[in-house]
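Have a look at the structure below, then the notes.
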Amino acid sequence: MHALTVDWIPNGQIGVMSLLRPLLLDVVPTIQQTAALALGRLANYNDDLAEAVVKGDILPQLVYSLAEQNRFYKKAAAFVLRAVGKHSPQLAQAIVDCGALDTLVICLEDFDPGVKEAAAWALGYIARHNAELSQAVVDAGAVPLLVLCIQEPEIALKRIAASTLSDISKHSPELAQTVVDAGAIAHLAQMILSPDAKLKRQILSALSQIAKHSVDLAEMVVEAEIFPVVLTCLKDKDDYVKKNASTLIREIAKHTPELAQLIVNAGGVAAVIDCVGSCRGNIRLPGIMMLGYVAAHSENLAMAVIISKGVPQLSICLSEEPEDHIKAAAAWALGQIGRHTPEHARAVAVTNTLPVLLSLYMSPESSEDLQVKSKKAIKSILQKCTYLPALEPFLYDAPPNILKHVVGQFSKVLPHDSKARRLFVTSGGLKKVQEIKAEPGSLLQEYINSINNCYPEEIVRYYSPGYSDTLLQRVDSYQPIIN
Amino acid sequence: MATLARLQARSSFVGKQYYYRNSVVDQFRKKENDAAVKIQSWFRGCRVRAYIRYLHRITTIIQKWWRSYLGKKEFRHVVQVAHYTMKMNLYNEMAVKIQRRWRGYKIRKYCFNYYYLKEYLRAISETNDAIREALEEFAEMKEREEKKANLEKEEKQRDYQARKMHYLLSTKQIPGIYNSPFRQAPDPWELRLQKAKPLIHPRPKVRQECSTSLSDWLACTSARSFPRSDILPPINKKKCQGPFRDFNEVLEQRYKPLEPTLRVAEPINQLKLAREELKREECAQNVNDKMFFPFSSYHKKEKYTPSIHSSSKYGSDSYGEKQFRSENPKKWICDKDFQTVLPSFDLFSKYGKLYSRAGQIV
């Protein structure tokens, strides 16, 4: 009995089920418990085996005896339910159909913390799949008991209860509201300070799933006074705690400017930027998106991001990350920062990110999403950029649709600034502009004309292509004056 | 007759002469008449022309005066208009000056306060620095704690090892393995072994069967149970050297409860006390303290003191006379009853909207 391991089981699953099923009804309680444990391990390993458990009609028997037996049996039975329910929504639906939810909820009221943990885990795996199953779990009355479980002293139980609440509230705003109405937020917020890293992961994930649905829910999460405590979680050693903490801050910041303002005032932007700097890979992604959301709301917030030294960090992310979706997120965030006013565009342009963005847009290896996002970012920054040294490289290697904007910006800035005009001539920009071919009457031609109007005619003619040829032609056709 | 003949001969002459003289006179008269008419017409013409000249002069004067009047009116009108325009221009300019200053002030104070924005951004960067410092400190503290915990764990492990290997300690005769005679100083493990207390095998604990019956579920709940033992575990106190008795025995003797003899169990005036107690009990049951007096006039000299309840100068107290639900229509001020259903008021519909947005950065 005790030596039953999974690797030993060959393809005769159905045979195994029919062997184990009568053992569940045995008189000796130890045999029942061990049979249940074996079933659980089998179902945990493979979803075919789990389906075989369901088809073998074992679940009703388990559910019936769950109500009556001692705690070891309850734990084993809850383990079986969890193992079956985790594979797919259909199997979870089968568990719900045989009435297991009520018995699991009764197990949540048990005195033994191990039983509570097993029951909460099973409920969590069931509720994870989709919104209907979550609704079924909520309708069975699990949420208040889960909130009570969170207050228990055992850390493992707290972890599992928090993860179950997170799975329930992630599907829809109504489910999140149900969790909030049971008073979960206050308890979750208290436990952010706990030293256990896995518990913090689950708590932060639960809070972020609650806050992501609507402004009211996000405000309720904020009212639980998580700031500035959450910022300490950004400095945790565990990577997933950092990721979940930045996810939570992102979900709060994305709703309204007032919430973003609150986060900025609490110094959250600096903490997130430091966190982005210290992680690598996918862990950075929520932090980058949070900066983008904050900057997108208004220009004052974007300026706050800039003075917190966010732009150099984002350009580092853009250049050194290998994955395309993280680069796309960094490009989007930079575009949101730089699009408001010339000051903002200048702050982005001085860090030399524009050539990087251009190269990402032009390279054929970037994914489509990355190309689209970098193009949008370049466009929105260029339309406000008046920092000419950053614009000049664009004259040389930009595609025509971006070149139009660059030349437009030059035509706006040059008529008013004499030093810039001089620099433009000496750096060879005027020569390049003359070489651009544009259709007469198009916007590009108008911009070129307005640039040419800034300079005296001889200089324009001097730099126009083929000027040396016309000069030589004049030499050829000149009649020397012979005395 | 001659005269007749002469007259008749002269009659045609007379007639001719008459006609001739008449015609001459007539012609003369005609000429004179014409002349007179001419003179008269000329004179009349002169007179009329003079009159017309006169009329022209008068008319000119009238027209001159009328035209001057009109012109002056026009001029006054033009001057008025010019004056009005000049005034309005001045007012407009002044209004523009005021509006310019007001608009600048309004934008700078309410819509976009540049200095406030700069101040705000500076405050943000300060907060950021503070938070960064605090987080650095926090991370450092955590690291220190972790290191300390690791060190302590290692120390504990080494201590445990030393306790287990206590038998390797060197004695006077035989030096232990950590105390080789060829070394200058003994190995640190030697010192540790000297300090360690030897490990004793734990006595097998008597397993208590914890019953999980429903009746003592309070005891089983892990959060709320505390150790259920009658005797608390003893404090690790060193026994003082000398002929002292066992401490527990002394305590038992000291706090032995009193066991009085039968004689001391009851007080000596028990009977009297019991009688008084009986009297007190019966007294409490009486309605009237003064029991029946011997003669009816015994208490007629007493003045009647009305009770406080009925002797207020504002009318009698309503306790006992009036009921809570009774109504006295004579005392009502108006004939309408209280409103039991009040119209609702919205308390929170204007929440957040009444506050002004002055000076906020959004």
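Please work out if B:Gly104 is in a helix (DSSP H, G or I), under 32 Å from the mean Cα position of the chain (by Cα) and either β-branched (Val, Ile, Thr) or more than 14 Å from chain A (Cβ to nearest Cβ) (or both).
On the way: in a helix (DSSP H, G or I): yes; under 32 Å from the mean Cα position of the chain (by Cα): yes; either β-branched (Val, Ile, Thr) or more than 14 Å from chain A (Cβ to nearest Cβ) (or both): yes.
The answer is yes for B:Gly104.
Looking only at residues that are more than 18 Å from A:Leu395 (Cα to Cα) and surrounded by 15 or more Cβ atoms within 10 Å (Cβ to Cβ) in the stretch A:455-483, which one is nearest to the chain's Cα centre (by Cα)? Can you show your working first?
Filtering the stretch A:455-483 down to residues more than 18 Å from A:Leu395 (Cα to Cα) leaves A:455-459, A:461-462, A:466-483.
When the remaining residues are screened for being surrounded by 15 or more Cβ atoms within 10 Å (Cβ to Cβ), the result is A:455, A:462.
On the way: A:Tyr455: 50, A:Tyr462: 54 Å.
Across the stretch A:455-483, the extreme among qualifying residues is A:Tyr455.
Confirm whether A:Cys275 is crowded, with 22+ Cβ neighbours inside 10 Å and over 22 Å from A:Val222 (Cα atoms).
Working: crowded, with 22+ Cβ neighbours inside 10 Å: yes; over 22 Å from A:Val222 (Cα atoms): no.
Considered against the rule, which asks whether it is crowded, with 22+ Cβ neighbours inside 10 Å and over 22 Å from A:Val222 (Cα atoms), A:Cys275 comes out as no.
Somewhere in the stretch A:177-188, is a residue out of contact with any Asp or Glu (no Cβ under 6 Å at 6 or more places or on another chain), within 20 Å of A:Lys243 (Cβ to Cβ) and either within 14 Å of chain B (Cβ to nearest Cβ) or at pLDDT below 95 (or both)? Talk me through it step by step, then tell me what you get.
Filtering the stretch A:177-188 for residues out of contact with any Asp or Glu (no Cβ under 6 Å at 6 or more places or on another chain) gives A:177-188.
Narrowing further to those that are within 20 Å of A:Lys243 (Cβ to Cβ): A:188.
Filter once more, keeping what is either within 14 Å of chain B (Cβ to nearest Cβ) or at pLDDT below 95 (or both): A:188.
Within the stretch A:177-188 (the criterion being out of contact with any Asp or Glu (no Cβ under 6 Å at 6 or more places or on another chain), within 20 Å of A:Lys243 (Cβ to Cβ) and either within 14 Å of chain B (Cβ to nearest Cβ) or at pLDDT below 95 (or both)), the answer is yes, since at least one residue qualifies.
Restricting to the stretch A:249-264, and then to whatever is assigned to a loop (DSSP other than H, G, I, E, B) and buried (at least 17 other Cβ atoms within 10 Å of the Cβ), can you tell me which residue is farthest from the other protein chains (Cβ to nearest Cβ)? Full working, then the answer.
Filtering the stretch A:249-264 for residues assigned to a loop (DSSP other than H, G, I, E, B) gives A:254-256.
Next, from what is left, pick out any that are buried (at least 17 other Cβ atoms within 10 Å of the Cβ): A:254-255.
Details: A:Lys254: 17, A:His255: 15 Å.
Here the answer is A:Lys254.
Collect the residues in the stretch A:280-310 that are of a type in the set (Val, Ile, Thr) and either under 14 Å from the mean Cα position of the chain (by Cα) or away from chain B (no Cβ under 11 Å) (or both), keeping them in residue-number order. Please lay out each step first, then the result.
Just the residues of the stretch A:280-310 that are of a type in the set (Val, Ile, Thr), to begin with: A:283, A:288, A:294, A:305-307.
Matches in the stretch A:280-310: A:Ile283, A:Ile288, A:Val294.
How many residues does the stretch A:211-243 hold that are polar (S, T, N, Q) and either part of a helix (DSSP H, G or I) or buried (at least 24 other Cβ atoms within 10 Å of the Cβ) (or both)? Please lay out each step first, then the result.
Filtering the stretch A:211-243 for residues polar (S, T, N, Q) gives A:214, A:232.
With the extra rule that they be either part of a helix (DSSP H, G or I) or buried (at least 24 other Cβ atoms within 10 Å of the Cβ) (or both), the set shrinks to A:232.
Of the residues in that region, 1 qualify.
Considering every residue within the stretch A:219-241, establish whether at least one is more than 14 Å from chain B (Cβ to nearest Cβ), within 26 Å of A:Ala347 (Cα to Cα) and aliphatic (A, V, I, L, M).
no
Within the set of pairs 6 or more residues apart or between chains, which connect a residue that is of a type in the set (A, V, I, L, M, F, W, C) inside the stretch A:276-297 to a residue that is surrounded by fewer than 24 Cβ atoms within 10 Å (Cβ to Cβ) and not in a helix (DSSP H, G or I) with Cβ atoms less than 9 Å apart?
Close Cβ pairs satisfying both conditions: A:Leu285/A:Glu323; A:Met289/A:Lys254; A:Met290/A:Lys254; A:Val294/A:Lys254; A:Ala295/A:Arg339; A:Ala295/A:His340; A:Ala296/A:Lys254; A:Ala296/A:Arg339.
When you go through B:Ala274, B:Ala219, B:Ala223 one by one, which is the residue that is modelled with pLDDT under 80, small (Gly, Ala, Ser) and outside any loop (DSSP other than H, G, I, E, B)? Step through it out loud before you land on a result.
Details: B:Ala274 fails: modelled with pLDDT under 80; B:Ala223 fails: outside any loop (DSSP other than H, G, I, E, B).
After applying the criteria, what remains is B:Ala219.
Would you point out which residue out of A:Gln313, A:Gln336 is assigned to a helix (DSSP H, G or I), among the polar types (S, T, N, Q) and within 14 Å of chain B (Cβ to nearest Cβ)? Walk me through how you get there before you give the answer.
On the way: A:Gln336 fails: within 14 Å of chain B (Cβ to nearest Cβ).
Unique residue meeting the criteria: A:Gln313.
Give the number of residues within the stretch B:109-140 that are at pLDDT below 90 and within 7 Å of chain A (Cβ to nearest Cβ).
The total comes to 1.
What is the residue count in the stretch B:166-194 for residues that are surrounded by 10 or more Cβ atoms within 10 Å (Cβ to Cβ) and either among the acidic types (Asp, Glu) or not in a loop (DSSP other than H, G, I, E, B) (or both)? Even if it seems obvious, please write down each step before you answer.
At the first step, the residues of the stretch B:166-194 found to be surrounded by 10 or more Cβ atoms within 10 Å (Cβ to Cβ) are B:166, B:168-170, B:175-180, B:183, B:186-194.
Of the ones still in play, those that are also either among the acidic types (Asp, Glu) or not in a loop (DSSP other than H, G, I, E, B) (or both) are B:166, B:168, B:187-194.
Selection size over the stretch B:166-194: 10.
In the stretch A:26-34, is there at least one residue being within 14 Å of another protein chain (Cβ to nearest Cβ), free of Cβ contacts under 8 Å to residues at least 12 places away in the same chain, of a type outside the set (Gly, Ala, Ser) and over 22 Å from A:Gln90 (Cα atoms)?
Within the stretch A:26-34, the subset within 14 Å of another protein chain (Cβ to nearest Cβ) is A:29.
Next cut, free of Cβ contacts under 8 Å to residues at least 12 places away in the same chain only: none.
Checked against the condition, which is being within 14 Å of another protein chain (Cβ to nearest Cβ), free of Cβ contacts under 8 Å to residues at least 12 places away in the same chain, of a type outside the set (Gly, Ala, Ser) and over 22 Å from A:Gln90 (Cα atoms), the stretch A:26-34 yields no hits at all.
What is the number of the single condition among (1) more than 12 Å from chain B (Cβ to nearest Cβ); (2) free of Cβ contacts under 8 Å to residues at least 24 places away in the same chain; (3) among the aliphatic types (A, V, I, L, M) that A:Val215 does not meet?
Only one criterion is unmet by A:Val215, namely (2).
Where residues in the stretch A:56-69 are modelled with pLDDT of 85 or more and closer than 15 Å to A:Ala83 by Cβ, which of them is surrounded by the most Cβ atoms within 10 Å (Cβ to Cβ)?
A:Leu62
Among (1) under 17 Å from A:Leu217 (Cα atoms); (2) away from every other protein chain (no Cβ under 13 Å); (3) crowded, with 24+ Cβ neighbours inside 10 Å; (4) not aromatic (Phe, Trp, Tyr), which single condition is A:Ser246 missing?
Failed condition: (1).
Filter the stretch A:265-279 down to residues that are under 17 Å from A:Glu321 (Cα atoms) and within 8 Å of another protein chain (Cβ to nearest Cβ), then give me how many there are. Full working, then the answer.
Residues of the stretch A:265-279 under 17 Å from A:Glu321 (Cα atoms): A:273-279.
If we keep only those that are within 8 Å of another protein chain (Cβ to nearest Cβ) too, we end up with A:274.
Total satisfying the criteria: 1.
B:Lys142 versus (1) within 38 Å of the chain's Cα centre (by Cα); (2) among the basic types (Lys, Arg); (3) more than 17 Å from A:Ala270 (Cβ to Cβ); (4) surrounded by 13 or more Cβ atoms within 10 Å (Cβ to Cβ): which is the lone unmet condition?
Failing condition for B:Lys142: (1).
Can you pull out the residues in the stretch A:111-140 that are buried (at least 16 other Cβ atoms within 10 Å of the Cβ) and either in a loop (DSSP other than H, G, I, E, B) or without any contact (Cβ under 8 Å) to a residue 24 or more places away in the chain (or both)?
A:Asp112, A:Arg128, A:His129, A:Ala140
Being among the charged types (D, E, K, R), loosely packed, with under 10 Cβ neighbours inside 10 Å, assigned to a loop (DSSP other than H, G, I, E, B) and at pLDDT 80 or above is true for just one of B:Arg245, B:Arg280. Which residue is that? Before you say what the answer is, go through the steps one by one.
Details: B:Arg280 fails: assigned to a loop (DSSP other than H, G, I, E, B).
Matching residue, one of B:Arg245, B:Arg280: B:Arg245.
Go through the stretch A:374-403 and give me each residue that's in contact with a Gly (Cβ under 9 Å, 6 or more places away or on another chain), over 21 Å from A:Leu423 (Cβ atoms) and outside any helix (DSSP H, G or I).
Selection gives A:Gln383 alone.
The values are calculated or read from the model by the stated rules, or taken from the named source; none is laboratory data. Note that the structure is predicted; figures quoted are calculated from it, not measured. Cβ sites come from the backbone with ideal geometry, for glycine too, and all protein chains shown count toward neighbours.
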